[in-house]
Amino acid sequence: MGLAYYFMNKTGINESTIKGFLYENFVYLELRRRQKPLNEIAFETPAFAVYAGGEIDFIVKSNLNDKIYALEVKGNTKGGTTEKIITIPIYTFSRYRFNN
């Protein structure tokens with residue numbers, strides 16, 4: 001990701017756009033890893049939708065429990081849970097399991 005950041009920064013793209021692109025790319029690659037070799041999930045690539053005031057970047061269906069998850073990728077979060085919303089820091093996304 002460092003090389004991608006370097007070259008996008010050289011083109012004059014603002015930092016928040018670069019970070020957003022890199023965060024979403026990271027999550028996309030992790031979802032693909034879980035879809036192909038692990039068969040843990042099925043997902044639509046990408047969703048690009050808005051729901052209840054939030055942006056939806058990916059729709060994921062768990063093959064473990066058949067639940068459907070709407071993912072919004074954000075980079076600056078400490079994590080937490082409120083009602084049906086689970087927030088996790090991006091650096092812990094690889095450890096999150098879609099079986100809750």
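The values are calculated or read from the model by the stated rules, or taken from the named source; none is laboratory data. Remember, it's a predicted structure, so these values are computed and weren't measured experimentally. Heads up, the Cβs are rebuilt from the backbone with ideal geometry, glycines too, and the neighbour counts pull from every protein chain shown.
Out of Phe48, Phe43, which single residue is under 11 Å from Phe98 (Cβ atoms), under 13 Å from the mean Cα position of the chain (by Cα), at pLDDT below 85 and of a type outside the set (S, T, N, Q)? Criteria check complete, one pass: Phe43. The requirement of being in contact with a Lys or Arg (Cβ under 6 Å, 6 or more places away or on another chain), under 18 Å from Phe26 (Cβ atoms) and not β-branched (Val, Ile, Thr) is not satisfied by Gly79. Gly2 falls short on exactly one of the conditions (1) touching a strand residue (DSSP E or B) at 6+ places or on another chain (Cβ under 9 Å); (2) surrounded by fewer than 11 Cβ atoms within 10 Å (Cβ to Cβ); (3) not charged (D, E, K, R), and that condition is (1). Filtered by the rule that a residue be surrounded by fewer than 12 Cβ atoms within 10 Å (Cβ to Cβ) and assigned to a strand (DSSP E or B), the stretch 69-95 gives Gly80, Thr81, Thr82, Ile85. Restricting attention to the stretch 6-40, the residues being assigned to a helix (DSSP H, G or I) and within 18 Å of the chain's Cα centre (by Cα) number 20.
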